[in-house]
Structures are given as C-alpha cells and as structure tokens.
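Computed from the coordinates by the stated procedures, all read-outs in this text should not be read as laboratory data. Note that the structure is a prediction, hence the values are computed from the model and not measured. Methodologically, a virtual Cβ is constructed for each residue, glycine included, from the backbone with ideal geometry; neighbour enumeration extends over all protein chains shown.
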Amino acid sequence: MTGYLIVLGVALSTTLVLTPLVRRLAVAIGAVVAPDARRVHDRPTPTLGGLAMYLGFLAGVGTATLVPQFDPVFEASSEALGIVVGATVIVLVGAIDDIREVSAPAKMAGQVLAASALSLFGVTMLFFKVPFGETLVLSPDLAPLVTVLWVLGMANAVNFIDGLDGLAAGTVAIAAGAFALYSDRLFEQGLLGLDNNSIAPLLAVLALGMCLGFLPFNVHPARIFMGDGGAMLLGLLMACSTLLVGGKTYEDTNGSTFFFYAPLLIPFVIMGVPVFDTAFAVVRRASRRASPATADKEHLHHRLMRLGHGQRRSVFILWAWTAILSGFVLYPVYTDEGTALVPAGIAALAVALFTVLHPEARRSRRGRAVTAGADASGSSGRYT
C-alpha cells in the first residue's frame with residue numbers, strides 16, 4: 001500500500017494547496033455562479049474548482065511515474081497516456097462551460113471526444129459479463145461504442161448530482177475508496193486475472209485524493225464549486241477505473257467473492273446514488289417530453305431538502321447511502337460470505353428512518369399540512 005499512499009498524499013495535498021489559488025483566479029476572471037431559481041446556494045460562489053482537482057490528478061500521475069511499484073503500469077500499455085489526454089479534454093470542455101455556458105450538444109460532443117481518446121489509447125471495454133450467464137466478448141467495432149457510452153454515463157451521473165455543497169466530492173470519495181479496496185482485495189486473491197500493470201486501483205486512489213483535498217473548501221457553505229470540469233473529470237476517472245477492472249476480466253469465479261458474477265455491476269452499486277439520480281432524471285424528463293439536459297429541481301438532493309432537511313443533512317444522508325452501498329460490495333469480498341443483505345438492509349433502514357422521521361422533516365410535513373388546511377378553509381369561505 002506504500003505506493004498508493006504516496007500518490008494519495010500528493011494528489012490530496014496538491015489539490016488542497018491549489019484550490020484557494022484557483023478560487024482567486026475564478027474571481028478575477030468572473031467565473032462566479034450567481035444564485036438563481038434552479039440553484040440552492042444563496043450567494044455568488046466562484047467555480048473552476050475542477051482545475052485544482054485536475055492539477056492534483058497530474059501531480060499524482062507524475063508522482064506515480066517515479067515510484068518503482070508502478071513501473072509496469074506505465075510501461076505495459078498506453079492506457080495512462082490515454083487517460084491523461086481524455087482527462088485534459090474533458091476538463092477543458094467543462095471549464096469552458098463553467099466560464100461561458102455552452103449548449104448541451106456541444107458539451108456532449110466534448111465528452112464523446114474525451115471518451116474516444118481513451119478508446120484510441122486502449123482504455124476500452126473488452127468483455128461484458130452477463131450476471132449468472134456467459135461472458136460476451138465485444139467485437140472491435142462495438143467495444144469503442146460501449147466504452148464511450150460508459151464514460152458518458154459516469155461523467156453525467158457525477159455532474160447531475162453535483163447540486164449541493166460537498167455532495168459530489170464526498171460521494172465520489174466514498175465510492176473511489178471502496179473501489180480501491182475492492183480492487184486491492186481481488187488483486188490479493190488473484191481472482192481478476194489482472195497483473196501489476198493495471199492502472200484501475202491507481203485511478204481510484206487519485207480520485208479519492210482529489211476529492212479529499214477539495215472537500216474542505218466545498219462543504220457547506222462552499223467557498224468554491226468544482227464546476228462541470230471537476231464533476232466530469234471525476235466521472236471520467238471512475239468510468240476508467242471500473243471499466244478497466246470489469247471490462248477486461250474474463251475469468252469466472254465463485255459468487256461469494258466475485259460480486260454477483262459480474263464485476264461490471266460494481267460501479268452501479270458503489271455509484272448507486274448518482275446513477276439512480278441520473279436514470280430517474282432521464283425517465284422523468286422523457287415522460288415530460290423534455291430534453292435530458294433540461295435542468296429542474298427534482299433531483300434526490302432537492303427532494304430531501306423539500307422534506308425539511310438542510311444542505312448539510314441532505315448531503316450526509318446521500319453520503320450514508322453511498323457508504324451503505326459500498327459496504328454491500330465490500331462485505332462479501334472481505335468475508336467470503338455470499339451475501340451482505342442483512343447488515344446492508346439494517347443500515348439502509350436506519351438511514352431511511354432518519355431521512356423520513358427526523359424532527360425537522362416531521363415539522364416540515366406538519367407545516368405543509370397546516371398550510372394546505374388553511375388554504376382549503378379559506379377557499380371554502382370565499383365560495384360560501
């Protein structure tokens with residue numbers, strides 16, 4: 001773990017030191033997000049925090065090239081170079097959108113370009129394991145398409161959930177930490193057929209360090225936002241990490257260790273909060289015949305706040321759900337027991353009860369009921 005801890009420390013400290021400088025830059029060039037009807041913050045806040053995270057990422061990668069432990073990662077393939085290129089493209093696209101809003105199709109074109117660069121350098125999905133079924137080998141013409149879709153899904157999932165102070169950074173930190181532990185455990189057991197030249201765990205550690213370095217400035221009340229550049233960068237790193245484990249694994253193993261016979265299910269569980277929020281947003285907007293890129297205030301965090309939870313508690317609840325889902329993955333891997341349903345179910349019930357039954361949530365519901373009753377009474381009086 002020594003090499004990973006070194007990289008973690010460099011990514012964390014670089015992001016931590018550079019974020020205040022990037023904040024000053026954002027203020028100087030006018031990259032400031034003003035409050036509006038769609039956002040929940042109540043004061044102008046600088047953005048472009050993704051730039052500090054990107055520099056932390058580069059510092060971490062540069063450090064890893066100097067650690068002998070990671071020599072096979074950089075010598076065996078061009079994946080590392082492809083990830084740096086893809087990360088650079090997606091950060092530039094996001095930063096431009098943070099400074100001067102671009103159209104949704106243009107932003108998606110930039111995401112596709114970043115994902116295509118990954119595919120060109122070998123960061124691609126080769127195998128797709130059907131749960132409890134066969135392993136599908138993707139053809140050379142289909143693999144790049146699946147890879148692009150995977151990156152688009154992850155990048156937009158993180159971007160969609162970035163609506164409250166600290167929510168995206170904390171969620172990805174928990175998910176990245178869990179995936180790093182998951183990968184390390186499977187490496188130790190020799191179950192994934194991955195040699196020491198896999199960059200997947202390193203990417204998860206980098207994402208964790210970037211998030212931890214950024215969080216002190218992003219928790220409520222946030223002093224800076226990560227912006228689309230930061231959110232899409234985190235999504236791309238998580239997409240690459242999960243893709244390089246699940247999408248390049250052919251070996252079959254027993255279900256107690258090999259999570260539900262399908263490693264590609266891992267990111268959908270660990271990243272369950274943003275993935276569910278994104279899927280629900282797409283369905284919701286499609287049912288209204290609106291573009292998936294149409295902004296609204298119906299995301300999970302908006303709904304929690306309408307229940308009466310403030311920003312801090314809403315973020316904590318969604319962090320807790322991410323931790324529970326991560327535990328659901330890690331428990332069978334570390335215990336060699338086939339199910340984590342009981343402990344995960346108990347923890348999920350506790351969070352659900354806290355979410356719904358917290359005193360402020362109850363007071364909020366009672367207040368709405370009283371208001372609705374008063375409105376009904378007033379309306380009745382006017383018509384008599």
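What's the FRET efficiency of residue 142 with residue 75 using the Cβ-Cβ distance as r and R₀ = 51 Å, to the nearest 0.05?
Values: r = 29 Å, r/R0 = 0.56.
So the FRET efficiency works out to roughly 0.95.
Given their separation in residues at 0.36 nm each and the Cα-Cα distance between them, residue 96 and residue 32 gain 21.8 nm when the chain is fully extended. 3J(HN,Hα) couplings calculated from phi for the range 77-84 with the Karplus curve 6.51 cos²θ - 1.76 cosθ + 1.60 (θ = phi - 60°) are, in sequence order, 7, 9, 4, 4, 5, x, 5, 5 Hz; Gly and Pro show x.
Determine the sum of side-chain charges near residue 111: Lys and Arg each +1, Asp and Glu each -1, restricted to other residues whose C-beta is under 14 angstrom from that of residue 111.
Details: positive: 107; negative: 97, 228.
Local net charge: -1.
Under 5 Å between amide hydrogens, built in the peptide plane, is the criterion, and for residue 163 it picks out 168 among residues at least 5 positions away or on other chains.
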